[in-house]
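Shown next, in structure tokens, is the structure this report addresses.
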Amino acid sequence: MDWWKESVVYQIYPRSFLDTNGDGIGDLRGILQKLDYLQTLGVDVIWLCPIYPSSQHDGGYDITDYRNIAAEFGTLQDWQDLVAAMHTKNMKLVMDLVVNHTSDQHPWFVASKQSKDNPHRNYYIWREGQNEAPPSNWGSHFGGSAWKFDAQSGEYYLHLFSEHQPDLNWDNPAVRQEIFAMMRFWLELGVDGFRMDTVNMFSKNSSFPDVISRNGQAFPVASEHFLNGPNLLEYLREMKTQVLADHDLMTVGEAPEVTPDQAIALTQTHGALSMVFGFEHMQIDSDPTAAMPKWTKVPWSLLKLKQITNRWQQAMHNQGWNSIFLSSHDEPRLVSRFGNDTLHRVASAKLLATYLLTLQGTPYIFQGDEIGMTNVKFESINNYRDIDSLNLYHQEVLERGCSEQEILGMIHTKGRDNARTPMQWNASSSAGFTTRQPWIGVNPNYTQINVEQSLSDPDSIFWHYQKLIALRREHPVFVHGCFELLLPEHPTIFAYTRTHKLEQALVVLNFCPNETTFDLKLEASFQLLISNLPTPKISTDSLTLQAYEARVYLKPKGGD
Ligand code: TEU
Ligand code: CA
């Protein structure tokens, strides 16, 4: 049985979860302490962002040693204690597997740089420049060229992310064997799965052609030449036969720009992944024609979210499997982005939770979303830690002279540190996250928004998540049911059914701050299963939903 289809994943960004030794950095002991909390919530899988030794230029995604734990997070023994404790609670641990690139401090890269004939040279992607220019005009995701010149050996290396993250050369069989051996190491220690970072970037077009710059950027991101490259499926098949096949695992592939067809190829019986983690729906508030789309903020339309959700729900049903999420450590807070983080914070956070937990696919909750944590607005760039935001500031304010306020505004709405401020446990100093100085500032709203408050209030966002998770476990229709979109043209109401055997659920969500009445015939056998407001107005001919109201009805088995 594919247990991961029935699971609910909780994503932990360990640096910001709970600090138990007063160094201001969250640690593994902190996670161990909070397992009961997570069990109360009802999640059964933890995806842990990287905890390996790292040069820490990109929040741990620049790894220097794949087989150990960074000292600031604890020890390998702490990790083993955590897995053992989780397994006694029937919880599973999924580790981040970051193997598109390593840190530039990784011993493989240090050796690779030594000389052109070093045995590790071919572990990475080295090319000669064109006169004084890099081998091609490919841009890095974090700004600037994706090629960095190394004076010592006289060539350029490829880095799709920061220059401290050189890309591994997956075309070299020795690299693949190293990675597979490392995966076996963690499997022997008891890991339950892997979240594969940027999985669709492993195979590149090895001729590295220039790309046409559509947005006027000198160094455009050359997605068409490194996403879903010629050997990707073959390499993943190899991984499946050599590593994954004998284990009962959950594997999730983070796959920027993935389409439903590609997702099916990656997750069908022959694909290596249990599910993909794609981003089409996360681009509805960006302007794709802008120079830096991800930093733009355009009003998003519910119609678009409905279309994208519908297309993916239809395409994946009985064909592949998807991840359902609206947030992560790379994205702003979902309630600030897709809900309303002021007047309607509680209702809209519950509405978004209802969406996440009633679709087909495995739902992901990012730490703090279960209490409705919001975006943060630090006034100075000095309070920010994310390399992506810092590079943006450097490039736009310091090099190009853009307005500081304008760039800070972009960081306030789209920056990754919105998700990375410390978990808000209680109203004491530093939100109960640490007894000393946290590595990044706490969101000042922690005195109102925190776990202690949420647990003590039966109407809180936390308890709404808890109920939705329990209902999902109780009713297979939420896991297996096919999806049908209702009222496809309605601009503010998202309504759909899920149907499985004789059971049917109806979900109605009002994505706006106004009361809305709409035509939807409610069959008498539908019973209200859960709603996010205390006093739903019930009538059978039409439905009226209050601001950000969300309801789920169920027609029980045998009812008609
Ligand atoms: O993210 C990959 C990715 O393509 C983006 O979502 C990226 O985070 C975005 O362009 C930056 O704003 C993964 C990790 O989730 C991310 O944290 C890492 O920085 C990145 O890979 C490199 O390892
Ligand atoms: Ca610590």
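The values are calculated or read from the model by the stated rules, or taken from the named source; none is laboratory data. Remember, it's a predicted structure, so these values are computed and weren't measured experimentally. Because the Cβ atoms are built from the backbone with ideal geometry, glycine has one as well, and the counts that use them run over all protein chains shown. Areas reflect the complete protein model, heavy atoms only, side chains present, ligands, DNA and RNA absent. Shrake-Rupley method; radii C 1.70, N 1.55, O 1.52, S 1.80 Å.
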Number of positions in the stretch 4-28 that are away from ligand 1 (no atom under 16 Å from the Cβ) and open to solvent by 30 Å² or more (accessible area, probe 1.4 Å): 5
Of all residues making up the stretch 413-441, the number that are farther than 26 Å from Asn21 by Cα and open to solvent by less than 30 Å² (accessible area, probe 1.4 Å): 2
Pro332, sole failed condition from (1) over 21 Å from Asn200 (Cβ atoms); (2) open to solvent by less than 20 Å² (accessible area, probe 1.4 Å); (3) touching a Leu at 6+ places or on another chain (Cβ under 7 Å): (3)
Failed item in (1) of a type in the set (A, V, I, L, M); (2) away from ligand 1 (no atom under 16 Å from the Cβ); (3) farther than 16 Å from Glu370 by Cα, with Leu48 passing the rest: (2)
Residues satisfying the stated conditions in the stretch 420-440, i.e. over 18 Å from Ile365 (Cβ atoms) and within 14 Å of ligand 2 (Cβ to nearest atom): Ser430, Gly432, Phe433, Thr434, Thr435, Arg436, Gln437, Pro438, Trp439, Ile440
The stretch 152-191: number of residues that are in a helix (DSSP H, G or I) and under 20 Å from Gln130 (Cβ atoms): 0
Residue in the stretch 348-364 that is farther than 21 Å from Ser286 by Cα and within 16 Å of ligand 2 (Cβ to nearest atom) present: no
Elements of type strands (runs of 3 or more DSSP E) contained in the stretch 468-560, each with 1 or more residues being small (Gly, Ala, Ser) and in contact (Cβ under 8 Å) with a residue 24 or more places away in the chain: 493-500, 503-510, 542-545, 550-555
Candidates Gly271, Gly278 - the one that is of a type in the set (Gly, Ala, Ser) and more than 19 Å from the chain's Cα centre (by Cα): Gly271
Looking only at the stretch 500-530, and only at residues there that are of a type in the set (S, T, N, Q) and closer than 10 Å to Leu554 by Cα, the one that is surrounded by the fewest Cβ atoms within 10 Å (Cβ to Cβ): Gln527
The stretch 231-242 residues that are more than 16 Å from Ser206 (Cα to Cα), paired with ones that are open to solvent by less than 60 Å² (accessible area, probe 1.4 Å) and among the basic types (Lys, Arg) (beta carbon under 7 Å, 6 or more apart): Glu238/Arg176
Counted residues, the stretch 262-306 - those being open to solvent by 30 Å² or more (accessible area, probe 1.4 Å), in contact (Cβ under 8 Å) with a residue 40 or more places away in the chain and closer than 18 Å to Pro488 by Cβ: 2
Residue satisfying condition, being at pLDDT 95 or above, small (Gly, Ala, Ser), over 21 Å from Pro299 (Cα atoms) and within 15 Å of ligand 1 (Cβ to nearest atom), within set Ser403, Ser380, Ser389: Ser389
Sole exception among (1) in contact with a Gly (Cβ under 6 Å, 6 or more places away or on another chain); (2) of a type in the set (A, V, I, L, M); (3) away from ligand 2 (no atom under 14 Å from the Cβ) for Ile46, by number: (1)
Pair list, Cβ < 7 Å and 6+ apart or interchain, from the stretch 136-153 residues that are touching a residue at least 24 places away in the same chain (Cβ under 8 Å) and open to solvent by less than 10 Å² (accessible area, probe 1.4 Å) to residues that are of a type in the set (Asp, Glu) and part of a loop (DSSP other than H, G, I, E, B): Ser136/Asp210
